[in-house]
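For reference, the structure is listed below as structure tokens.
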Amino acid sequence: MNAQITLHKGDITTDAEADAIVNAANTSLLGGGGVDGAIHRAAGPELLAECRTLHGCRTGDAKITKGYRLPAAHVIHTVGPIYRDGRHGEPALLASAYRRSIEVAAENGCARVAFPAISAGVYGYPADEAARIAVSTVAKAMAEHPQVIEVRFWLFNEHLYRAFEQALRELHTMS
Ligand code: AR6
């Protein structure tokens, strides 16, 4: 199998190898803080103008725009769940955000896709659980969509990086 998952430290907006970068947005798609704010700042105001035409996005779904001033040609906007206690459908919604993003990437010919750790910032998802769901869901979705050959996870702090490293090790042990 040629598909690969790679881990990167730092700012996702600098990724010059991805065809699409995924934004951890909110249901309005009209911008926010965290990685959403960074993506809108780097892409420029045209991104917000296109987002206004999308009329929002449900939690667990994903929508695509152009990347404007970003090195990546596209931005895939997805919305992860706000974490409460893990018993309010959060795992299924987080998995859905990753799965839908890969589906949208495949439909639009994006072979290399960069992801942040969706819901693991302001939305409060615990790092280890978020990493396990991210890695296992993406591996499964890539097997179903072979057009996507690389998923590049950008981790903004050391703790999250280690959580994703561990989740990848677990995935490889299981397969
Ligand atoms: N590159 C990569 N990762 C980043 C960057 C960056 N430039 N900036 C932050 N992160 P968050 P969420 C990490 O809060 O939890 C927004 O206001 C960050 O450290 O951006 O899904 C939206 O509009 C964390 O690990 O997204 C929503 O309202 C991860 O990205 C809400 O936040 C996700 O953190 C979504 O919350």
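The values are calculated or read from the model by the stated rules, or taken from the named source; none is laboratory data. Keep in mind it's a predicted model, so treat the numbers as computed, not measured. Note that we place each Cβ from the backbone using ideal geometry, even for glycine, and neighbour counts take in every protein chain shown. With ligands, DNA and RNA removed, areas are computed over all heavy atoms of the protein, side chains included. Shrake-Rupley method; radii C 1.70, N 1.55, O 1.52, S 1.80 Å.
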Using θ = phi - 60° and Karplus 6.51 cos²θ - 1.76 cosθ + 1.60, couplings along segment 4-9 (whole Hz; Gly, Pro as x): 9, 10, 10, 10, 9, 9
³J(HN,Hα), Karplus 6.51/-1.76/1.60, whole Hz, each residue of segment 16-26, x for Gly, Pro: 9, 9, 7, 7, 9, 10, 9, 9, 7, 9, 10
Distant-in-sequence amide H partners of Lys66 (H built 1.01 Å from N, under 5 Å): Val75
Charge sum, other residues only, whose C-beta stays under 13 Å from Phe164's C-beta, Lys/Arg counted +1 and Asp/Glu -1: 0
Mean-position separation - Cα centroids, segment 63-96 and segment 145-175, in angstrom: 16 Å
Paramagnetic reach from Gln4 (point 7 Å along Cα→Cβ, amide N under 19 Å) across segment 140-162: 140-155
Probe 1.4 Å, protein heavy atoms only - accessible area per residue of the chain in square angstrom: 48 Å²
Carbon and sulfur %, accessible surface of the chain computed with the full protein complex present, 1.4 Å: 52 percent
Inter-label distance, nm, simple model (7 Å from Cα along the C-beta direction), Arg84/Gln166: 2.6 nm
